[in-house]
Amino acid sequence: MKLEGKRKIWNEYQKEIADDKYFYVRSCIRQAVFPGSENTYLRIMRDVLKKDVHESAHHTTCTGIGYHTEVVPFETIQTVVARNFALMREAGYENYTPSCVTSFGIYTEVLDTWHHFPEERKRTAEYLKKATQRDFQEPGNMAHTSDIIYKFRHQIAEKSKYKLINKATGLPLKVVDHIGCHYAKMFPAKGIGGAEHPHVLAGLIEAFGGEVIDYPERRHCCGFGFRQYFIKANRGYSIAASKKKFESMEPYQPDLILTNCPGCNFFMDRWQYALAEMEGKTYDTKGNGIPVLAYEELAGLMLGFDPWEMGLQMHQVGIETLMDKIGIPYNLNEKYKGAKGEDLGVPESPRNINFYK
Amino acid sequence: MGQLFDKLNSDVRFVEGINGCINCGTCTAICPAAEVYDYQPRTIAHLVQTRDDSIIENLLKSDTIWYCGECMSCKTRCPRNNAPGLIIQALRKLSIETGLFVESEKGRQQLALKRMLSDTIIETGYCVHFDHTTLDMFPEQGPMWQWVQDNREAFLPKVGANYKGNGPGAMRSIPQSDIDELRNIFEVSGGLKWMETIEEHSAKKAKEMGLEIGEGKSSEYFTEVYNRNNHAKHSRK
């Protein structure tokens, strides 16, 4: 891949990312579906990088999924956003770092709205005061958690035990990135590398020694579409979008799909399983499917964290093929044990996609 | 200009979303919804530019405005910096406020979404709660997920989750005082009124259709709007 031109474009889309003292807000989907992923982020930030990351027990959903399904009005989500900002300032922090890409898009949209339409901000402040007696200030700095990992990617790589290198061949593993639409499609200047050539995940892949694979549908949506997934009648929209991406990346035979959005991480994983069950097809050559990881899961794996304590068994497409290629040891006997080592049995095997247990 | 257009034009998202569309079709070329539905964001931009209330009313009653997935890919690529996705958001708001959303199959889905999402928000503080991610609603979660659901208490602490626990952490129980604040925000800012509007218009439509609307996620009307898909009508021709 020729990088010169893209590097020039990426340089036009760089943003200030705070160095320390972060206020962390969780993602509804990520914590419900991949809770170990968020835990891994905090372990990296606190234990490996020695950063101050504060999480308030009092923060709530931003209501973003409700907003994008039109069951939460704009006035309400602006006020919920303002409340989370108020909690940050009350805790003595000003660097806001959401785990969710939908939320990141919501925060950028709301901040942009307040900038261009001050009357919206004024009304929001009045609503917040009336509803909660709180006052708020905008963040001094805001970055998605994938931006934070990007910022420290070289430090993380230096401390890592593993690289994205095929142990048998010595060649870089091939990785496709999938950036959540709301990371930069609405506000390109808020994403590292903008919307057309985002570098937030590509930079991480390169830092770990992998090869970034460009493919035709790299920027296509995973198909979440909010109402298009939540309503069963609409779900064909969702799986069709993911299928379009899998078909587009298939000729390049990637070893890994890397994501930064909780929803995308879910759909890239689960729709591979569903397509295998529906059509008997996987998009690798060995019936395993293509492993899918979030940026923080990949960083944790490279650092040598235990895959099962990171919750990688909560992916329906097995991660074992990736670990085998890199040479990361793992113990299948521990995969489905409980927190106290108790035997919890094993899940049923899917019919058409290999399953390690 | 008419009353409906004036209402659209009072939404800041509409103001931000349209700046003289030149009908180039770039948004349609990039749109994931246009791949699967009989839908063109280009047409949406074109139609609202007519400022004709009868045209806008037809849109508010139609399935068309509910096809968009709000991915906002259109925003990135539009050469005039329009955002049909924002226009759609303003149209959907107006469709709910006028009650016209119940006149289309896709619009009627609002009842299910309200009960799945906004009810969950003001009850738990989350849009999506682990307990609600069951395989009967979301079968693509796969057998692994059934195992996680079955073993939640013993397994989730292993991956660092604080399932229904106090204090910070993934899946924690959000304190009642915070839920109360969230509910107050919904009350003050119009969120509860919005939810009531969806229920009221849906109840009238359910009666007209001879379906029991009940409460929760198992009524006849909920089941109808959650599952009904007139594939022949909606599919890309």
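The values are calculated or read from the model by the stated rules, or taken from the named source; none is laboratory data. Everything quoted here is computed from the prediction, not taken from an experiment. Glycine gets a Cβ as well: all are built from the backbone with ideal geometry, and neighbour counts include every protein chain shown. For the accessible areas, the whole protein counts, side chains as well, though only heavy atoms, and no ligand, DNA or RNA atoms are used. Shrake-Rupley method; radii C 1.70, N 1.55, O 1.52, S 1.80 Å.
From the set of residues in the range A:1-20 that are away from chain B (no Cβ under 14 Å) and closer than 21 Å to A:Gly140 by Cα, which is surrounded by the fewest Cβ atoms within 10 Å (Cβ to Cβ)?
This residue is A:Glu16.
Could you grab me the full set of residues in the range B:151-162 that are closer than 22 Å to A:Ser349 by Cβ and within 8 Å of another protein chain (Cβ to nearest Cβ)?
Selection gives B:Asn151, B:Ala154, B:Phe155, B:Lys158, B:Val159.
Would a scan of the range B:163-181 turn up a residue that is over 30 Å from B:Lys205 (Cα atoms), in a helix (DSSP H, G or I) and at the interface with chain A (Cβ under 7 Å from one of its Cβ atoms)? Spell out how you get there, then give the answer.
Going through the range B:163-181, the residues over 30 Å from B:Lys205 (Cα atoms) turn out to be B:163-181.
Within this subset, residues satisfying the condition of being in a helix (DSSP H, G or I) are B:176-181.
Still in the running and at the interface with chain A (Cβ under 7 Å from one of its Cβ atoms): B:178, B:181.
Among the residues of the range B:163-181, at least one is over 30 Å from B:Lys205 (Cα atoms), in a helix (DSSP H, G or I) and at the interface with chain A (Cβ under 7 Å from one of its Cβ atoms), which makes the answer yes.
Find the residue count for the range A:71-113, including only residues that are open to solvent by less than 10 Å² (accessible area, probe 1.4 Å), in contact (Cβ under 8 Å) with a residue 40 or more places away in the chain and not in a helix (DSSP H, G or I).
Final tally of qualifying residues: 4.
When the range A:238-258 is examined, which residues are found to be open to solvent by less than 10 Å² (accessible area, probe 1.4 Å), touching a Gly at 6+ places or on another chain (Cβ under 7 Å) and either facing chain B (nearest Cβ under 9 Å) or touching a residue at least 40 places away in the same chain (Cβ under 8 Å) (or both)?
Matches in the range A:238-258: A:Ser238, A:Ala241.
If you check B:Thr28 against the conditions, is it more than 14 Å from chain A (Cβ to nearest Cβ), without any contact (Cβ under 8 Å) to a residue 40 or more places away in the chain, touching a Lys or Arg at 6+ places or on another chain (Cβ under 9 Å) and surrounded by fewer than 21 Cβ atoms within 10 Å (Cβ to Cβ)?
When the stated conditions are applied, B:Thr28 passes them.
Considering only the range A:163-178, how many residues are open to solvent by 20 Å² or more (accessible area, probe 1.4 Å) and either within 21 Å of the chain's Cα centre (by Cα) or among the polar types (S, T, N, Q) (or both)?
4
Would you point out the residue of the range B:182-225, among those that are among the β-branched types (Val, Ile, Thr) and more than 9 Å from chain A (Cβ to nearest Cβ), that is farthest from A:Glu75 (Cα to Cα)? So that I can check it myself, show each step before the final result.
To start, the set of residues in the range B:182-225 that are among the β-branched types (Val, Ile, Thr) comprises B:185, B:188, B:197-198, B:213, B:223, B:225.
Adding the requirement that they be more than 9 Å from chain A (Cβ to nearest Cβ) leaves B:197, B:213, B:223.
Values: B:Thr197: 16, B:Ile213: 28, B:Thr223: 30 Å.
Per the criteria, the residue is B:Thr223.
Can you report the number of residues in the range A:325-357 which are charged (D, E, K, R), under 24 Å from A:Asp255 (Cα atoms) and surrounded by 15 or more Cβ atoms within 10 Å (Cβ to Cβ)?
Total satisfying the criteria: 3.
Answer with yes or no whether B:Asp6 is closer than 12 Å to B:Ile88 by Cα, out of contact with any Ser or Thr (no Cβ under 9 Å at 6 or more places or on another chain) and either open to solvent by 50 Å² or more (accessible area, probe 1.4 Å) or among the acidic types (Asp, Glu) (or both).
No, not satisfied.
I'm trying to understand the selection: among the residues of the range A:142-182, which are within 13 Å of chain B (Cβ to nearest Cβ) and in a helix (DSSP H, G or I)?
Correct list: A:Cys181, A:His182.
Would you check which residues across the range A:183-227 are assigned to a helix (DSSP H, G or I) and open to solvent by less than 10 Å² (accessible area, probe 1.4 Å) and list them?
So the first thing to find is which residues in the range A:183-227 are assigned to a helix (DSSP H, G or I), and the list is A:183-184, A:188-190, A:202-207, A:227.
A:Tyr183, A:Ala184, A:Ala202, A:Gly203, A:Leu204, A:Ile205, A:Arg227 - these are the residues of the range A:183-227 that are assigned to a helix (DSSP H, G or I) and open to solvent by less than 10 Å² (accessible area, probe 1.4 Å).
Condition test on A:Gln133, is it surrounded by fewer than 17 Cβ atoms within 10 Å (Cβ to Cβ), polar (S, T, N, Q) and farther than 26 Å from A:Val292 by Cβ?
yes
Go through the range A:205-237 residue by residue and tally those that are closer than 30 Å to A:Gln155 by Cα and more than 8 Å from chain B (Cβ to nearest Cβ). Let's see the steps before the verdict.
Start the filter on the range A:205-237 by keeping residues that are closer than 30 Å to A:Gln155 by Cα, which leaves A:205-215, A:218-219.
Next, only the ones that are more than 8 Å from chain B (Cβ to nearest Cβ) stay: A:205-215, A:218.
The total comes to 12.
Looking at the range A:312-324 only, could you name the residues that are open to solvent by less than 60 Å² (accessible area, probe 1.4 Å) and out of contact with any Gly (no Cβ under 8 Å at 6 or more places or on another chain)?
A:Gln313, A:His315, A:Ile319, A:Glu320, A:Thr321, A:Leu322, A:Met323
When you scan the range B:53-138 for helices (runs of 4 or more DSSP H) that lie fully inside it, which ones turn up with 2 or more residues that are at the interface with chain A (Cβ under 7 Å from one of its Cβ atoms)? Let's see the steps before the verdict.
Details: elements: B:53-61, B:73-77, B:84-98, B:110-113, B:119-124.
Passing ranges, in order: B:73-77, B:84-98, B:110-113.
Could you check, for the range A:21-42, whether at least one of its residues is modelled with pLDDT of 95 or more, assigned to a loop (DSSP other than H, G, I, E, B) and surrounded by fewer than 17 Cβ atoms within 10 Å (Cβ to Cβ)?
yes
Starting from the range B:1-25, keep only residues that are away from chain A (no Cβ under 14 Å) and more than 20 Å from B:Asp53 (Cβ to Cβ), then list their pairs with residues that are open to solvent by less than 70 Å² (accessible area, probe 1.4 Å) and small (Gly, Ala, Ser) whose Cβ atoms are within a distance under 9 Å, requiring at least 6 positions of separation or different chains.
That search, which allows pairs on different chains as well, returns B:Asn23/B:Ala45.
Which of the residues that make up the range B:139-152 are in a helix (DSSP H, G or I), open to solvent by 20 Å² or more (accessible area, probe 1.4 Å) and under 16 Å from A:Lys335 (Cα atoms)?
The answer is B:Pro143, B:Gln146, B:Asp150, B:Arg152.
When you go through B:Pro157, B:Pro168, B:Pro139 one by one, which is the residue that is in contact with a strand residue (DSSP E or B) (Cβ under 6 Å, 6 or more places away or on another chain) and either closer than 30 Å to A:Ser37 by Cβ or of a type outside the set (S, T, N, Q) (or both)?
None of the others qualify; the one that does is B:Pro168.
State whether the residues of the range B:152-172 include one that is within 25 Å of the chain's Cα centre (by Cα) and in contact (Cβ under 8 Å) with a residue 24 or more places away in the chain.
Looking through the range B:152-172, at least one residue is within 25 Å of the chain's Cα centre (by Cα) and in contact (Cβ under 8 Å) with a residue 24 or more places away in the chain.
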